[in-house]
Amino acid sequence: MMKLESLDFLKNELTGIIKGTLNLLSRLNLLHNNLFAQIPKGNQLQTLDDSSIYVGNKDLCGDPLPENCSSHEDPTTDEKKDEAHDAVMKVRFYRDMMSGFATRFWGVIVVLLFKKQWRQKLFMLLRKPCT
């Protein structure tokens, strides 16, 4: 990719961030994709100052586009937050299930320890032959 001179990704439904060093690139077409984040600085892309090559990528920002990146939010942050929230909810679910099981289990054991009549009925029920 270091010797790539021309790149055309017109309407390819590409999603992601523009990365890489393209030293010899003289023609670029990224029209109507789903690219996001800031256009990289300090490489060949800075010499391509025609903002029309980025049309249709509503989440791109930075030079040569008029949209300022300081107010720009990365759409992947919402996905990362959702994944983190799902992980927390999963941990809470299992913790609550285990504490509920332990509470009910020890509740029955304690009742059987203090209620002699219930304990005797349980053992009589267990001794009863199956027919």
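Read the figures in this text as sums done on the coordinates, not as results from a lab. Predicted, not measured: the structure shown is a model, and the values here were computed from it. Note: ideal-geometry Cβ built from the backbone for every residue, glycine included; neighbour counts use all protein chains shown.
Between residue 124 and residue 69, what length comes free when the chain is fully extended (0.36 nm per residue of separation minus the Cα-Cα distance, one decimal in nm)?
Contour length minus Cα-Cα distance gives 12.2 nm.
Residue 111 label point, 7 Å along Cα→Cβ, cut-off 18 Å on backbone N: hits in segment 79-100?
100
Give me the lysines in straight-line cross-link reach of residue 116: C-alpha distance below 23 Å, same-chain residues under 8 apart excluded.
Of all the lysines, those that pass the test against residue 116 - Cα under 23 Å, at least 8 places apart if same chain - are 128.
For an R0 of 35 angstrom, estimate the FRET efficiency from the Cβ-Cβ distance between residue 104 and residue 84 and round to the nearest 0.05.
0.65
For segment 31-36, take each phi angle, set θ = phi - 60°, evaluate the Karplus expression 6.51 cos²θ - 1.76 cosθ + 1.60, and give the result in whole Hz per residue in order, putting x for glycine and proline.
4, 6, 10, 10, 6, 9
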